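What follows is one structure encoded as structure tokens, with my remarks underneath.
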Amino acid sequence: MKMLENKVAIITGAGSGIGRAIALLYAAEGAKVVVSDINEAGGQETLASIKSKGGQAVFVKADTARPEDNKHLVDQAVAQFGALHIAVNNAGIGGPIGPAGEYPIEGWNKVISINLSGVFYGLRYQIPAILSSGGGSIVNMASILGKVGTKGSAAYVAAKHGVIGLTEAAALEYADKKIRINAIGPGYIMTPLLTNTLDAATLQVIAGLHPMGRLGTSEEVAELSLWLNSDKSSFVTGSYYNIDGGYLAQ
């Protein structure tokens, strides 16, 4: 039996990178997947890839910074597939770069609204639906920068620290209600977020920050999220798992 057989899963930010890899893996493991992204073209590509391999999925365009979009996403999952058991709150942005004393206010607000408030809005509507479906599991995408800082990204660092705290609080609230909630902290992963903005030399420097000497892959992160959202991690909740090639061990 596949690891997510007969489960219904929402994946945000599934139009590329880590989110796409998670959506593809979950579908391959038997889940009915609600693919969501603000980028409709990317989301449709993910959907087409799932269907080409015989998986079940639908695409729902959503901006996770909008509470109503998160509600609509959950409503569509239940309407299309009859339940909700799993969610991965993955959507996020990098935001502007600059010191805190000069950081653009509008940039701060956008990063916090997507990377932190968007995760809360997801939980706010996912949890009641998962309760109604008899329980399940949620993974929130944090970062290594949810545990340590870095120069120039105050909003991103603050948001990802917040995601870990939010995960821990929500996990405690629902630990005895058959919902597990955990966070993942990827290091620097080879996704369009990096490859579309950085040149090869810069990517090599970033790879060197990791003791393993390379960037991670979206598929490696997807495998960790699969374990956390499967019954194989049935005694795990309120936890933060870094997947970072040794970055945080330094």
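The values are calculated or read from the model by the stated rules, or taken from the named source; none is laboratory data. Everything numeric here is computed off the predicted structure, so don't read it as measured data. In this analysis, Cβ positions are derived from the backbone assuming ideal geometry, glycine residues included, and neighbour counts consider all displayed protein chains.
Things worth noting here:
- One residue stands out among those in segment 65-105 that are assigned to a helix (DSSP H, G or I), touching a residue at least 40 places away in the same chain (Cβ under 8 Å) and of a type in the set (Gly, Ala, Ser): the one that is nearest to Asp37 (Cα to Cα), which is Ala77.
- Verdict on Val221 being surrounded by fewer than 18 Cβ atoms within 10 Å (Cβ to Cβ) and either hydrophobic (A, V, I, L, M, F, W, C) or within 27 Å of Gly107 (Cα to Cα) (or both): no
- Tally, over segment 170-212, of residues that are part of a helix (DSSP H, G or I) and among the acidic types (Asp, Glu): 1
- All positions within segment 172-196 that are at pLDDT 95 or above and either among the polar types (S, T, N, Q) or in contact with a Lys or Arg (Cβ under 7 Å, 6 or more places away or on another chain) (or both): Asn182, Gly185
- Single residue of Gly136, Gly152 found to be at pLDDT 95 or above, farther than 26 Å from Ala31 by Cβ and out of contact with any Asp or Glu (no Cβ under 6 Å at 6 or more places or on another chain): Gly152
- Residue within segment 84-107 that is out of contact with any helix residue (DSSP H, G or I) (no Cβ under 7 Å at 6 or more places or on another chain), modelled with pLDDT of 95 or more, β-branched (Val, Ile, Thr) and closer than 22 Å to Asn182 by Cα present: yes
- Every pair of residues 6+ apart whose Cβ atoms lie under 6 Å, when the first sits in segment 142-160 and is more than 13 Å from Ile243 (Cβ to Cβ) and of a type in the set (D, E, K, R) while the second is part of a helix (DSSP H, G or I) and modelled with pLDDT of 95 or more: Lys160/Leu145; Lys160/Gly146
- Against the numbered list (1) of a type in the set (Val, Ile, Thr); (2) touching a Gly at 6+ places or on another chain (Cβ under 6 Å); (3) within 12 Å of Gly13 (Cα to Cα), Ile86 comes up short only at (3).
- Residue check, Ser133 within 20 Å of the chain's Cα centre (by Cα) and not aromatic (Phe, Trp, Tyr): no
- Residues located in segment 108-127, provided they are touching a residue at least 24 places away in the same chain (Cβ under 8 Å) and not hydrophobic (A, V, I, L, M, F, W, C): Lys110, Ser113, Asn115, Ser117, Gly118, Tyr121, Gly122, Arg124, Tyr125, Gln126
- Only one of the listed residues (Ile130, Ile112) is in contact with a Gly (Cβ under 9 Å, 6 or more places away or on another chain), among the aliphatic types (A, V, I, L, M) and crowded, with 19+ Cβ neighbours inside 10 Å. That residue is Ile130.
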